[in-house]
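Read-outs: derived from the displayed coordinates by stated rules, not from any lab. As the structure is a prediction and not an experimental result, all values here were calculated from the model. Here the Cβ is made from the backbone with ideal geometry for all residues, glycine too, and neighbour counts use every protein chain on show.
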Amino acid sequence: MIYNGNETDLIIADSIKILNYKQKKLLLASENENIPDRQKYADALIKTLDDGVYNKVKALFGDGKYRKKVSDELNRRNVECVTYKSADYPQQLKHIPAPPLVLYVRGRKELLRSRMFGIVGSRRTPAAVLEKCKRFSAELSEKVTVVTGIADGGDSAAVAGAIDAGNVICVLPGGHGACGLSDNTLNAKAENNGLTVSEFAPSVPVQRHTFTLRNRLIAGLCEGVLVVSAGENSGALSTAAYAADYNKDVFAFPYGIGSV
């Protein structure tokens with residue numbers, strides 16, 4: 001994959017793990033020759049880093065060997081990058097707080113330019129609800145792209161419904177190399193027909209906080225979210241809360257659907 005200069009800089013900045021989101025943005029601004037007062041961003045970055053760390057970060061950012069190493073790792077993992085400056089970067093996502101600098105993807109990245117609607121549900125979703133979720137997702141995927149996670153239960157039912165149309169995006173709670181999707185999983189098959197997306201570089205492991213970030217990404221991508229089932233502390237409710245915060249429409253199956 002060939003990236004322009006701005007895209008490459010975003011990918012490299014995002015790969016520097018010792019930097020937080022704000023520090024990465026300061027680094028990018030400080031290294032942008034088109035910004036006349038970029039030294040003030042360098043000064044601001046220096047104030048946030050320990051002694052000597054700024055010089056190491058600056059050197060790493062401009063190191064040709066390091067840049068090639070990052071590129072080689074992405075190619076080895078068969079992962080493409082859609083950066084904040086890329087044409088495929090979703091406009092909806094730009095309106096959330098701290099939008100990801102880079103989306104790491106496999107599959108049909110053009111789906112990121114489509115209309116998207118989220119369907120999420122608990123792992124412990126009753127069979128009758130799963131069937132209705134699958135049917136609803138199949139019908140919806142004929143019109144828009146269905147966005148969901150990769151868990152068993154409601155998420156997998158949403159994937160199963162949309163997979164034939166191919167209009168499906170699975171959002172990962174870690175890097176592509178860390179989530180361990182095998183070739184025969186439903187989500188890996190969706191990768192061939194649709195798209196898998198992560199805001200984490202391929203080697204980033206799944207951790208408790210990355211699920212929360214995954215939920216906010218689902219909410220940020222979509223025009224609205226349907227919750228088919230959710231426990232009190234479930235990721236589905238977390239996704240719904242983010243969607244509400246982002247002024248997105250939130251829907252839910254009626255209580256007891258399929259039980260009468």
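Quick notes on this one:
- In this simple spin-label approximation, Arg124 and Asn247 carry label points 7 Å from Cα along the Cα→Cβ vector, and these lie 3.7 nm apart.
- Backbone phi angles across region 141-154, fed through the Karplus curve with coefficients 6.51, -1.76 and 1.60 (θ = phi - 60°), yield HN-Hα couplings of 5, 6, 10, 9, 8, 8, 10, 8, x, 10, 6, 5, x, x Hz in residue order; Gly and Pro are listed as x.
- Counting only aspartates and glutamates at least 8 places from Lys134 when in the same chain, those with an alpha carbon closer than 17 Å to its own are Glu142, Asp152, Asp155, Asp164.
- Pairs from the table (Lys143/Lys189; Lys24/Lys94; Lys143/Lys248; Lys24/Lys69; Lys24/Lys68; Lys17/Lys248) lying more than 23 angstrom apart at Cα are Lys17/Lys248.
- Computed over all pairs of different Cα atoms, the Kirkwood value for the hydrodynamic radius of region 71-115 is 11.2 Å.
- Antiparallel bridges, percent of DSSP beta bridges restricted to the chain (to nearest 5): 35 percent
- FRET efficiency for the Tyr66 to Ala42 pair, using the beta carbon distance and R₀ = 22 Å, is estimated at 0.70.
- As computed over region 1-76, the Cα convex hull volume per residue (Å³): 85 Å³
- Packing rank of 39-45, 196-202, 64-70, where each peptide gets the mean count of other beta carbons within 10 Å, highest leading: 196-202, 39-45, 64-70
- Computed from point charges on the beta carbon alone (+1 for Lys and Arg, -1 for Asp and Glu), the dipole magnitude for the chain about its Cα centre is near 260 Debye.
- Under a model in which nothing but the beta-carbon of Lys, Arg (+1) and Asp, Glu (-1) is charged, region 107-252 shows a dipole of about 80 debye around its Cα centre.
- Projecting the Cα atoms of Leu130, Asn75, Leu195 onto the charge dipole of the chain, computed from C-beta unit charges around the Cα centre, puts Asn75 farthest toward the positive end.
- For the chain, the relative contact order is 17 percent, taking Cα pairs closer than 8 Å that sit 6 or more residues apart in sequence and dividing their mean separation by the residue count.
- Packing here is the average count of other Cβ atoms within 10 Å per residue, and on that basis the peptides 6-14, 46-54, 141-149, highest first, run 141-149, 6-14, 46-54.
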